[in-house]
Each structure stands twice: as C-alpha cells, then as structure tokens.
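Engineer: Have a look at this one.
Values quoted throughout were computed directly from the atomic coordinates according to the rules given, and no laboratory measurement underlies them. Keep in mind that this is a model prediction, so the values were computed, not measured. Note that each Cβ is placed from the backbone with ideal geometry, even for glycine, and that neighbours are counted across all protein chains shown.
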Amino acid sequence: MIATLDQLKDRFSQALIAAFGNDYAEVDPILVPASNPKFGDYQSNVALSLSKQLKQPARAIAEQIVNNLDVADICEPPSVAGPGFINLLLKTEYLETQLSSIQTDSRLGVALAKTPKRVVVDFSSPNIAKEMHVGHLRSTIIGDCIARILEFRGHDVLRLNHVGDWGTQFGMLIAYLREAYPDALTTANALELGDLVTFYRKAKQRFDEDETFRETARQEVVKLQAGVADTQKAWKLLCEQSRREFQVIYDLLDIHLIERGESFYNPLLPAVVEDLDRQGLLVEDAGAKCVFLEGFSNKEGEPLPLIVQKSDGGYNYATTDLAAIRYRINQDRAERLIYVTDAGQASHFAQVFQVARRAGWIPENVDVVHVPFGLVLGEDGKKLKTRSGETIRLRDLLDEAIARSRADLESRLQAEGRNETEEFKAKVAQTVGISAVKYADLSQNRTSNYIFSYDKMLALQGNTAPYMLYAYVRIQGISRKGQINFEQLGSEAQIFLHEPTEFALAKHLLQLGEIISDVEQDLMPNRLCQYLFELSQKFNQFYDQCPVLQAAEPIRTSRLLMCNLTARTLRLGLSLLGISVIERM
C-alpha cells in the first residue's frame, strides 16, 4: 500500500510536468501535513519556491498546478490560499477505504523499503572490566530502536557491539591481578564484575603513580599482542566475566547484539597504516604517524593531526575505527554505517570519516553517519550521579525503575480493592518500569540533554510509556467487557466516519508509514514517540465522544475496528521502540 503522502507527491510531480514541462519532474512539491485543520490535511508551498525561477506570482503558479492536479480519488477539490499555498482535504470515502484495507494487513499499510540495504548499526559498546553505567543507556536503547525500525522496513541490519576489549587497560589489570589475586587469572568466575571494577581502579592508581608497575603493565600488553598463552588466557577470563554481566542487562532490556570488539580488528591495523602511507597521506610528526586533517585546527590555527600510529609503535581508537570501516564495507558489504555514541565523540568520528574518504575507503554509494546523543542529567540539572558522586550503574537504575513501578502498582491495586497474583504484579512492574526508562529517553530529541525523573517517566498522564500502555490496556478492556474477539470481526467489515474525533483518529492512524519513513532517514526516534503520544490522545478523545459497545450497527462494528486498529498501531509502534505491551495494568 502506497502511503497517502507518497501518492500525493506523485500526483504533484505529474501536475508540475503538465504545467511547466519535464524540467520540473524532480522538483520537491514541499508537501507536508497541515499545521492547522482549517487548512485541510496537507499543504504545499511549492509555488512560493518556484516564483523567482518562473518569474510569476506564486498564486498564479499555484493555480496552474491545481488546474493540472488530478487528486479527485483522494481529496476534495484543492484550494489556493494566501500568497500561493495549496491546501488539500482528504475525502471521507478515501479515508474509509484506506482504513478498511489496512485492517487486514499485518504491517498496517507500512510498505517495505523499495531498495533494501545492508546496514551496520554500531551501538552500546561498553568496556570490559567496567560496569555498564547510565551513559551506556542512551547508546543501547537508541541503537536498538534504530535497528528495529530499519529491520521493519526490510533492511538487512547487522547489530554490532564494539566493546572495549583491548589495549593498555588490560595490561594494567592483568599486572595488578598477578600480584593481588592470581586465582582470578586462572579460574573462571573467581571474581564478580564489581570486584573486577574495584581492582581496575586500584590498577589505574598504581599505573599513574608507579613507574615500575607502569613498565610491567606495558610488558603485559606486549605479551597479549604477541599471543603469550597465560596472558591470553587471563584476558579471555576477564572478557567472559564482563560479558556475562552485560548479558543480564541486555536480557532485561530485550537487546540483541553481535559482539565484535576492538580485539577483532587488531590484526588489521598494520594494513591501515601501510595503505595510508602508500597513498601519501601519512606524515611523521614527533615520531608518530599522522594524517593532517582538513578543516580541523588547533588554537594557533595549524592543521590538527589524526594519529594512526603512536611514536612507540602502538595504535589508538582512530586506527581501530578506520580498520572497522574498511572491514564493514569490504567484508560485511555495508551500504550504510551508523555509529550511535555520545555527542562528545562527534569530532572524533568526523575526523575518522574524513581520513577514510580521502583514502578512498568509503565508496560513493555508502552512507556513513554518526548519530550523537546528549547527556542524562539529574533533577539538579547536573550529570546524573550517585549521592557520593559516582556514576550510576545501569543495573541499579533499571532495578530502581522496576521497584518504583511495583510500588505504584500495589498502591493502585489496594485503592481499587483488586487482588492479583505475584506473577501478574512482577510482570507488570518489570514491563512498565523498563518501558518507562526506555520511552523517557527515546521521546527526547536525542541531540539534547535530558533530565532523568522516575516520577515523570512513571506517570500515567503525559508523554510517558505508562500513558501509551494504558491506552492499549483500555482497548483490551473494551474487548473483554463486550466479549469481543477483534480478530473475528471479519475482513469484510467496513469503517464509517461521522464524528470529528473519528476523523482525527482515522487521519492519524494513516500517518504511521510516513513517520516510520521519516525516522528511517533522520534516525530521530522521538518522532515515533510523539506520533504514538498523539495517537493515544486522539483515541481517548474518540472514546470519550463516541460510544462503542452501546452504538447501533453498523457503527458499533466500525468503531470496534477503529479501536483494534489503534491497539495494533500502538503495539507495533511500541515494539519498534523496544517496548512490550500488556493486556491489563
């Protein structure tokens, strides 16, 4: 099924050709949903953009377009307003037909991408021997949401977890554990991750203060890179311990990833340096091998270098990221590379992408993009931390959300005099708690910082996950009360629109495909959140104004179909955010 907006854009293209010739076939009709219902449903200001080029008044151009615009099967006769805006109002019978057709479609009318691509989404990326903290929350759930939407659109998505599992930190940790707790390097599960984190901090302190220890740690790195058996075994044990802890969180968040850490690309790093050298891009500066960047300069205005091999022969993050780009394009056959990290890494990725392009490693048909996000702040407006000033562990944050959700649920059950099973309470508390955390994050413009508030995110009112879940539960309640099986209403049943709130809900339901297409392109999940919030609002207004179970046929069945379409749209939209629905709350 072709989305309404796409159909209208095609008709506008035909009208532009008919009015002004084939040279105007590719002109963007600048067609968007109307900002105010009094202007109809869609509005185009293409005439204003063409006025200078055609040397005609915009209103005259708009009238020529309208005279050639064949949309009689979709819209009421178009009108021209103001200086040259073209307003379109969808026909009632068109809306009814579209809604009746998507009720039998498992995809609710959302088309698959015309040209599916191989896409790599790089997200989450915690560091081995460190606990996942609140900073990993955004990368993990934004990346997962983007992957879900691209998969739904039919793209072949490779979800990669680029964990920090290589480098100097392992030399420090292994050297320290050899002294303090040698069993941890030979025996599986000898340490908890929390213990490992404590040992890592002590190792870092020794590394910073003790030259002898620093040299011992460097030698452990050399042994690791050389594949010395006992060092490699110690490294693998440390990695496995961290992975088990990470997986607990990924299972709780319903996140699926393929791990491919920094160590995976380590054998490929010399080739990166050799290729850059062969192309004449490398410059030796203070013993280090660098590529001097275009458009990046220091305080003195001199070009900044991107170091790809340090003076001691070691490599850094940039070298690894360059190797990863080459591998993902050449071996994984990626046509779109998406990196989901905090905004603080924007400069790093801009530099790495520039070097990769100058080296010819990113073909014209490959899109490489950094998806930045802002900080999670406490209610004091500062970076979210514990009272003692430490970064909050992600597991603690999620557990707290579930505990608060449970407390809210039990308070509500007591007030309503309801008795529910332990299984019910545990499931609802976890679903609502995790959903609230995810939605609170995804509903923000990802480029902005946002204030983390349990009270706001768990509220049953406002733009929150509980509000969406409650709208879904409300519809399931209609089904139970009327003993209605939505799936058995029949594919032949028709939808009829009469009341203003029915029209508002109907038009919103038909915009799902447009929203998903937008997020696919701009990678802004908050657009989908806003759509679902407005859908829930429009459904509640419809339900308050339009009797459903008490209505006479055929209006009763029509409204039941509208309820079911709303529930299915909520379920699908929330699933793309990584949020599960529940039948009762």
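Engineer: Of Asn449, Leu224, Asn316, which is farthest towards the positive pole of the chain's charge dipole, taken about the Cα centre with +1 and -1 on the beta-carbons of Lys, Arg and Asp, Glu respectively?
Structural biologist: The residue sitting most towards the positive pole is Asn449.
Engineer: Follow-up. Once amide H atoms are placed 1.01 Å from N in the peptide plane, what residues at a sequence separation of 5 or more from Cys75, or on another chain, have their amide H within under 5 Å of its amide H?
Structural biologist: For Cys75, whose amide H was placed from the backbone, the distant partners under 5 Å are Lys91.
Engineer: Distance cut-off 19 Å, Cα to Cα: go down the list Lys202/Lys383; Lys9/Lys507; Lys425/Lys538; Lys481/Lys507 and report the pairs above it.
Structural biologist: Check vs 19 Å cut-off fails for Lys202/Lys383; Lys425/Lys538; Lys481/Lys507.
Engineer: With 10 angstrom as the radius, rank Lys52, Lys9 by how many other C-beta atoms surround their C-beta, starting from the fewest.
Structural biologist: Fewest-to-most ranking of Lys52, Lys9: Lys52, Lys9.
Engineer: Here is a follow-up. Size of the dipole of the chain about the Cα centre, Lys and Arg at +1 and Asp and Glu at -1 on the beta carbon, nothing else charged, in debye to 20?
Structural biologist: Roughly 520 debye for the chain.
Engineer: With n ≥ 4 as the cut-off for DSSP H runs, can you work out [θ] at 222 nm for the chain, using -39500 (n - 2.57) per run divided by the number of residues, rounded to the nearest 500?
Structural biologist: Rounded to the nearest 500, it is -17000 deg cm²/dmol.
Engineer: Along the charge dipole of the chain, pointing to its positive end and built from +1/-1 on Cβ of Lys, Arg, Asp and Glu, which listed residue (Leu281, Ala552, Ala111) has its Cα farthest out?
Structural biologist: Result: Ala552, furthest along the dipole toward the positive end.
Engineer: Can you tell me which aspartates and glutamates have their Cα less than 13 Å from the Cα of Lys456? Leave out same-chain residues fewer than eight positions away.
Structural biologist: Glu379, Asp408, Asp441
Engineer: Which lysines, on any chain, are close to Lys310 with Cα under 17 Å apart, when same-chain ones fewer than 8 places away are left out?
Structural biologist: Partners within reach: Lys289.
Engineer: Which of the listed residues, Thr501, Ala180, His136, is farthest toward the dipole's positive end in the chain, when Lys, Arg count +1 and Asp, Glu count -1 at the beta-carbon?
Structural biologist: Thr501
Engineer: With a/c under 1.5 counting as rounded, go ahead and sort the chain into rounded, prolate or oblate using the C-alpha gyration tensor (a ≥ b ≥ c being the square roots of the eigenvalues; past the cut-off, prolate if a/b is larger than b/c, else oblate).
Structural biologist: Oblate, because a/c is 1.5 or more while a/b does not exceed b/c.
Engineer: While we're looking at this one, here's another question. With a Förster radius of 51 Å, plug the Cβ-Cβ distance of Leu549 and Asp522 into 1/(1 + (r/R0)^6) and report the FRET value to the nearest 0.05.
Structural biologist: With R0 = 51 Å, the Cβ-Cβ based efficiency is 0.80.
Engineer: A follow-up question, please. Out of the range 281-346, which trypsin sites (Lys or Arg not before Pro) are coil in DSSP terms and have no more than 15 other C-beta atoms within 10 Å?
Structural biologist: Passing sites in the range 281-346 are Lys299, Lys310, Arg333.
Engineer: Starting with the highest mean, order 157-167, 242-252 by the number of other Cβ atoms within 10 Å, averaged over the residues of each peptide.
Structural biologist: So the peptides 157-167, 242-252, ranked by packing, come out 157-167, 242-252.
Engineer: Another question about this same structure. Could you rank the peptides 114-122, 219-227 by their average count of other C-beta atoms within 10 Å per residue, with the highest value first?
Structural biologist: Most protected by this proxy first, the peptides run 114-122, 219-227.
Engineer: Would you work out the charge dipole size for the range 12-156 about its Cα centre, treating the Cβ of every Lys and Arg as +1 and the Cβ of every Asp and Glu as -1, and quote it to the nearest 20 debye?
Structural biologist: 460 debye
Engineer: Continuing with the same structure: So, by mean Cβ neighbours within 10 angstrom, what's the order for 445-454, 424-433, 505-514 with the highest one leading?
Structural biologist: Answer by packing, highest mean first, reads 505-514, 424-433, 445-454.
Engineer: Work out from phi, with θ = phi - 60° and the Karplus expression 6.51 cos²θ - 1.76 cosθ + 1.60, the ³J(HN,Hα) of each residue of the range 196-206, listed in order in whole Hz, and give x for Gly and Pro.
Structural biologist: Per residue, the Karplus-derived 3J(HN,Hα) values read 4, 5, 4, 5, 4, 4, 5, 5, 5, 5, 4 Hz.
Engineer: Right, here's the next one. Taking the Cα-to-Cβ direction at Lys456 and at Glu294 and moving 7 Å from each Cα, how far apart do the two end points lie in nm?
Structural biologist: 4.3 nm
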